[in-house]
Amino acid sequence: MAKQRVDFESIYKWNVKDLFKSDDEFKKEVKSLEKEIKKFQEFEGHILDSAENLYNLLELDSNLGRRLERCYIYAHINNDADTTDINYQEIFGEAQNIYTKYLEVTAYVVPELLQKDYKIITKYLKELPALKKYERSLKHIFRAKEHILSNEVEKALTSFTKLMSSPEEIAGSLTDSDFKFDNIMVDGKSVELNESNYAIYIRDNDRSVRKQAFDSLYKTYGNFKNTIATILKHEVEKNVSSAKLRHYKSSLEASLFPNEIPEEVYHNLIKSIHQNLPSLYRYWGLKKKLLHLDELHLYDTYAESTNKTTKKYTFEEAKDLVLEAVKPLGDTYLKDISKSFSESWIDSVNNAGKRGGAYCTACYDVHPYVLLSFEGLLNDVSTLIHELGHAMHYYYATKNQEYPDYGYSIFVAEVASQTNEILLCRYLLDHSEDKSEKLQIIDDLLQKYKASIFRQTMFAEFELFIHEYTENGGILTHENMSAKYLELNKLYFGDNVVVDDAIKYEWERIPHFYMNFYVYEYATGFAAAIYLANKIYEGDISTRDNYLEFLKLGCTKNPIDSLKVAGVDMLSPEVFTESMKYMDELMSEYEALIGSEDNE
């Protein structure tokens, strides 16, 4: 039975009193905010009457935004620490309500600003230098002006927001709730298959279990191919129509525009990964060898090729590993990340009612907070250093930027976390004396290459196909989507894998295809992190210093230029080529370790 939260020592729990000393102080602040957000009403219709008016509105928004953020984080992390606590369920509800009121009372601001030309902003910036700290935010708002429609049309589109998400909702309800899969035999017993336990059985050591799970799953999806094709077709048509309505050249441009990502980045990813597919083919050949199979089928590709290490770490040992692993980032970084332990940024206990998973969150005026449930496995150590990578990204951004500019783009969000994780892997591979641990580290890294770079790029390529096909006047059907998906699988798996025909229905079960050009960021982020971490670990001081500058930028530069500060050019194939070289080195090291085992 899981322990209650009160049973754990405070040193393993985050210090929420850095946000508010008590719930009463939080509630007092919420009441104050309820009164003060009404001040926004005074500016409606008058924002651009003068430079002073614009500045005063932005100052009000900045000051109240910071306070709202602090309230939300306090309520959010207390609720996640114990989701069964009625008090914090109510407090979280209060935080959500006040934030909703803020959104409602400020809804007029952007439309009112965009009624004018940016020339007036330029004029006011000259008249009132204090406005300069909001220049980036204002440019970002006006950047989208040509894609903003009339007030009447925008209001109409807003009223259809819920309807616009219906394809994703319908697909989710169908596959999560209504699908029934054929039972499979496991250890002589008939077991009901579902989407949740499929992930377990497709990794089973018994090959017949893996094949049954694969066949059962895709047989059912095949039975619903027409229905799901219709749902996804409407999702794509919605994206294409919206892009046209807002005067974008394509749905890809419309999706990348808000984050200031050039379309060339997307195309460069696909082109670069195609050039590096031989590394993936080698991986599948190694997998076939390790599993001692004459033929490697798709249902074999998730099977474990090495035994997981059972080695356990205490939280103190994990802390020491983290601090050793990040030493290549320099003394200042080491000193700053140490604060996460000494100042109680981390909640690592596994108490009853705690939210699952792991994350890092932050607000501008207080340090970041990290949540995980630490059980002592190697994966928990990796999770810890991963989330602390996010924490340090927040920490340096808040220390070096004004409030409007500290939030970094989702495009670069995983770079800092993955860089930390890879530094840990490099450290352990060089210092661990446990061969099984080394094999697991390499195997986990290779699986991340497969999942984060290659698989996500294949998804990105399929997503581009279905949108371009529609934009060119084609009508999506299960036949042309399945044919393309099977073609891509054959390309990405190569000759070392038997690409079973049923995989052509896998597109039906990928929820990311309803998220509109999102998955490519997994691939770009991981490749950038590998590129940076290896240079930093190997002692490249220039890369280290540039990387630390990158962590300080917040959103003062667009994501592509931010990464260029770190020394990564996402418009060049180099970052992918260098990352793949390391993948090949890992496979060689893996083969050497396996060979040494055979000789013992």
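Assorted remarks:
- Whichever residue in segment 302-323 is under 30 Å from residue 289 (Cα atoms) and at pLDDT 85 or above and, among such residues, is surrounded by the fewest Cβ atoms within 10 Å (Cβ to Cβ): 312
- Selection status of residue 435, surrounded by fewer than 16 Cβ atoms within 10 Å (Cβ to Cβ) and among the basic types (Lys, Arg): yes
- Index of the failed condition, residue 439 passing every other in (1) under 30 Å from residue 239 (Cβ atoms); (2) in a helix (DSSP H, G or I); (3) in contact with a Ser or Thr (Cβ under 8 Å, 6 or more places away or on another chain): (1)
- Helices (runs of 4 or more DSSP H) enclosed by segment 151-246 - at least 1 residues per element that are over 15 Å from residue 514 (Cα atoms) and among the small types (Gly, Ala, Ser): 151-159, 195-201, 207-223, 225-245
- Checking residue 303 against (1) within 28 Å of residue 576 (Cα to Cα); (2) within 27 Å of the chain's Cα centre (by Cα); (3) of a type in the set (A, V, I, L, M, F, W, C); (4) in a helix (DSSP H, G or I), the condition it does not meet: (4)
- Checked against (1) surrounded by 22 or more Cβ atoms within 10 Å (Cβ to Cβ); (2) within 26 Å of residue 252 (Cα to Cα), residue 468 meets all criteria but (1).
- Within segment 324-379, considering residues that are in a loop (DSSP other than H, G, I, E, B) and aliphatic (A, V, I, L, M), the one nearest to residue 403 (Cα to Cα): 358
- Breaking point among (1) surrounded by fewer than 13 Cβ atoms within 10 Å (Cβ to Cβ); (2) under 14 Å from residue 506 (Cα atoms); (3) not aromatic (Phe, Trp, Tyr), for residue 229: (1)
- Consider segment 76-115 and keep the residues that are among the hydroxyl-bearing types (Ser, Thr, Tyr) and assigned to a helix (DSSP H, G or I). The one that is surrounded by the fewest Cβ atoms within 10 Å (Cβ to Cβ) is 100.
- Tally of residues being in a helix (DSSP H, G or I), within 21 Å of residue 91 (Cβ to Cβ) and modelled with pLDDT under 95 across segment 1-57: 3
- Residue satisfying condition, being within 27 Å of the chain's Cα centre (by Cα) and of a type outside the set (Asp, Glu), within set 108, 74: 74
- Residue 579 closer than 25 Å to residue 450 by Cα and either acidic (Asp, Glu) or in a loop (DSSP other than H, G, I, E, B) (or both): no
- Only one of 202, 170, 228 that is within 28 Å of residue 478 (Cα to Cα), modelled with pLDDT under 95, in contact with a helix residue (DSSP H, G or I) (Cβ under 9 Å, 6 or more places away or on another chain) and among the hydrophobic types (A, V, I, L, M, F, W, C): 170
The values are calculated or read from the model by the stated rules, or taken from the named source; none is laboratory data. Everything quoted here is computed from the prediction, not taken from an experiment. As a convention, Cβ positions derive from the backbone with ideal geometry for all residues, glycine included, and neighbour counts pool all protein chains shown.
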